[in-house]
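Below: one structure, written as structure tokens.
The values are calculated or read from the model by the stated rules, or taken from the named source; none is laboratory data. Model, not experiment: these values are computed from the prediction. Please note: Cβ atoms are built from the backbone with ideal geometry, for glycine as well, and neighbour counts cover all protein chains shown.
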Amino acid sequence: GENVEQHPSTLSVQEGDSAVIKCTYSDSASNYFPWYKQELGKRPQLIIDIRSNVGEKKDQRIAVTLNKTAKHFSLHITETQPEDSAVYFCAASIRGGLTGGGNKLTFGTGTQLKVEL
Amino acid sequence: GAVVSQHPSWVICKSGTSVKIECRSLDFQATTMFWYRQFPKQSLMLMATSNEGSKATYEQGVEKDKFLINHASLTLSTLTVTSAHPEDSSFYICSAWGTGLAGGLTRNEQFFGPGTRLTVL
């Protein structure tokens, strides 16, 4: 089955700096890579996702890059703010046709991001 | 649109009792629901996948007789933890995917419930 590794496990940055979180996956059939932000005791929230036919996607301060050949993808957060502090999870899945969303997600181990003032 | 609810949000029970957790899609039809378990400071681990009207598919290492899943309708799935023990204490989260009646659901995103904190004494 799919195995997703995530690094680093913890990341501290100064407010305004950039943060980068990296993930690798094992199953070359995976073609959908979402990133989630989870605050303590709350549900994961999708912040950005990318499909395998795209190399990069950006949404304001958040961007994700994907290298299919190397089987890794990264989350980039620029101009970090204290409210970005949370645990971030990457995930991988195989999507296909109309049932694409019904395929299971394999999560990375998580990164605790702390943005310091 | 695309709201998923869970009930209860937290529950405390005695060892040996059974606990039922409900997961509902409020404004869309959930063809598939997933159940995850998350221990403190750990990742979400998929327990099982359930499709409406079918038996759930359990991940390796998850006891299907202990974690009973029912997905009898397109808007409701239940997880019953039978004969719960302290090691079952965890955060249980469901997610749902399906075709949308509102909000223009894409085919990609799963929508997560708020989670249920189970504490077994």
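Would you check if there is a residue in the range B:46-64 being assigned to a strand (DSSP E or B), among the β-branched types (Val, Ile, Thr) and crowded, with 17+ Cβ neighbours inside 10 Å? Looking through the range B:46-64, at least one residue is assigned to a strand (DSSP E or B), among the β-branched types (Val, Ile, Thr) and crowded, with 17+ Cβ neighbours inside 10 Å.
You will find that of A:Leu46, A:Leu11, A:Leu75, the residue that is away from chain B (no Cβ under 14 Å), touching a residue at least 12 places away in the same chain (Cβ under 8 Å), in contact with a Phe, Trp or Tyr (Cβ under 7 Å, 6 or more places away or on another chain) and not polar (S, T, N, Q) is A:Leu75 and no other.
When restricted to residues that are surrounded by fewer than 16 Cβ atoms within 10 Å (Cβ to Cβ) and aliphatic (A, V, I, L, M), the range B:83-101 contains 1.
Do we find that B:Glu109 is more than 8 Å from chain A (Cβ to nearest Cβ), surrounded by 15 or more Cβ atoms within 10 Å (Cβ to Cβ) and modelled with pLDDT under 95 in this structure? No. None of B:Thr17, B:Thr80 is assigned to a loop (DSSP other than H, G, I, E, B), β-branched (Val, Ile, Thr), surrounded by fewer than 19 Cβ atoms within 10 Å (Cβ to Cβ) and touching a residue at least 60 places away in the same chain (Cβ under 8 Å) except B:Thr17.
Scanning the range B:21-67 for residues that are within 12 Å of B:Ile93 (Cβ to Cβ) and basic (Lys, Arg) returns a single hit, B:Arg37.
Checked across the range B:83-98, the condition of being part of a loop (DSSP other than H, G, I, E, B), at pLDDT 90 or above and at positive phi holds for at least one residue. When we screen B:Phe39, B:Phe34 for residues that are closer than 20 Å to A:Arg43 by Cα, at pLDDT 90 or above and loosely packed, with under 15 Cβ neighbours inside 10 Å, the only hit is B:Phe39.
Residues that are surrounded by fewer than 16 Cβ atoms within 10 Å (Cβ to Cβ) and on the phi < 0 side of the Ramachandran plot within the range A:58-67 comprise A:Lys58, A:Asp59, A:Arg61, A:Asn67, listed in sequence order. Taken together, the residues in the range B:20-45 that are in a strand (DSSP E or B) and at the interface with chain A (Cβ under 10 Å from one of its Cβ atoms) amount to 8.
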